[in-house]
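K.L.:
A single structure is presented below for examination.
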Amino acid sequence: QVQLVESGGGLVQAGGSLRLSCEASGRTFTKYTMAWFRQAPGKEREFVAGLSWSGGGTYSADSVKGRFTISRDNANNTVYLQMNNMKPEDTAVYYCALERRPYTLQPRTDIEGYDYWGQGTQVTVSS
C-alpha cells in the first residue's frame with residue numbers, strides 16, 4: 001500500500017551540501033511521523049532525524065545536530081533532509097521511513113517504530 005522513493009544522493013567533498021528527498025504514496029501522509037536513517041557497511045542502521053505529523057516535534061541525532069535539517073511538504077507527500085557541512089563519517093546509505101502509529105508527539109528513534117522503508121540512496125563524502 002505504501003511506497004517510499006528516495007533521491008538526491010551522490011558524491012560530495014567534506015564541507016559540502018546535499019539535499020535528499022523522499023516521496024511517499026499510499027498512506028495518509030499528514031498523520032504520520034517520517035524519519036531518516038542511515039547505514040554504513042558492516043554497521044547497524046542508525047537514526048538520523050525525524051519529524052512528527054504535527055510538524056512541531058523533531059529530533060536529530062547528536063552526530064548531525066546543527067548540520068542536518070529535516071522538513072516536509074504535505075501537499076507533495078515529500079520529506080527532505082538538507083545536509084550541510086558534511087563529514088566523511090556521514091558516508092552511508094540513507095533510508096526514509098514511515099512510522100507505524102499515527103499522531104505521535106515525538107519521532108521514534110528505533111527501527112521497530114517504522115513499518116515502511118525506501119530502497120535507500122548512497123551518500124559518499126570524500127576527505
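K.L.:
Going through 11, 20, 81 one at a time, which residue ends up being open to solvent by 20 Å² or more (accessible area, probe 1.4 Å), under 30 Å from residue 127 (Cα atoms) and in contact (Cβ under 8 Å) with a residue 40 or more places away in the chain?
P.N.:
Result: 11 is the single residue among 11, 20, 81 that is open to solvent by 20 Å² or more (accessible area, probe 1.4 Å), under 30 Å from residue 127 (Cα atoms) and in contact (Cβ under 8 Å) with a residue 40 or more places away in the chain.
K.L.:
Now a separate question. Quick one: in the stretch 114-127, of everything that is outside any strand (DSSP E or B) and closer than 21 Å to residue 78 by Cβ, which residue is least open to solvent (accessible area, probe 1.4 Å)?
P.N.:
Among residues in the stretch 114-127 that are outside any strand (DSSP E or B) and closer than 21 Å to residue 78 by Cβ, the one least open to solvent (accessible area, probe 1.4 Å) is 118.
K.L.:
Now a separate question. Among the residues of the stretch 19-45, what is the count of those that are touching a helix residue (DSSP H, G or I) at 6+ places or on another chain (Cβ under 9 Å) and either assigned to a strand (DSSP E or B) or farther than 20 Å from residue 61 by Cβ (or both)?
P.N.:
So the answer is 7.
K.L.:
Residues of the stretch 27-65 being open to solvent by 50 Å² or more (accessible area, probe 1.4 Å) and among the polar types (S, T, N, Q), which ones?
P.N.:
Scanning the stretch 27-65 gives 28, 30, 39, 54, 58, 63.
K.L.:
Further, regarding this structure: Which of the following residues is under 16 Å from residue 3 (Cα atoms) and of a type outside the set (A, V, I, L, M, F, W, C): 112, 44, 99?
P.N.:
Every option except 99 fails the conditions.
Matching residues to (1) surrounded by fewer than 15 Cβ atoms within 10 Å (Cβ to Cβ); (2) free of Cβ contacts under 8 Å to residues at least 40 places away in the same chain:
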residue: 67; (1), (2): no, yes
residue: 88; (1), (2): yes, no
residue: 93; (1), (2): no, no
residue: 100; (1), (2): yes, yes
residue: 104; (1), (2): no, no
residue: 112; (1), (2): yes, yes
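The values are calculated or read from the model by the stated rules, or taken from the named source; none is laboratory data. Note that this is a predicted model, so its numbers are computed, not measured. FYI the Cβ positions are ideal-geometry reconstructions off the backbone, even for glycines, and counts take in every protein chain you see. Surface accessibility is based on the protein's heavy atoms, side chains included, excluding ligands, DNA and RNA. Shrake-Rupley method; radii C 1.70, N 1.55, O 1.52, S 1.80 Å.
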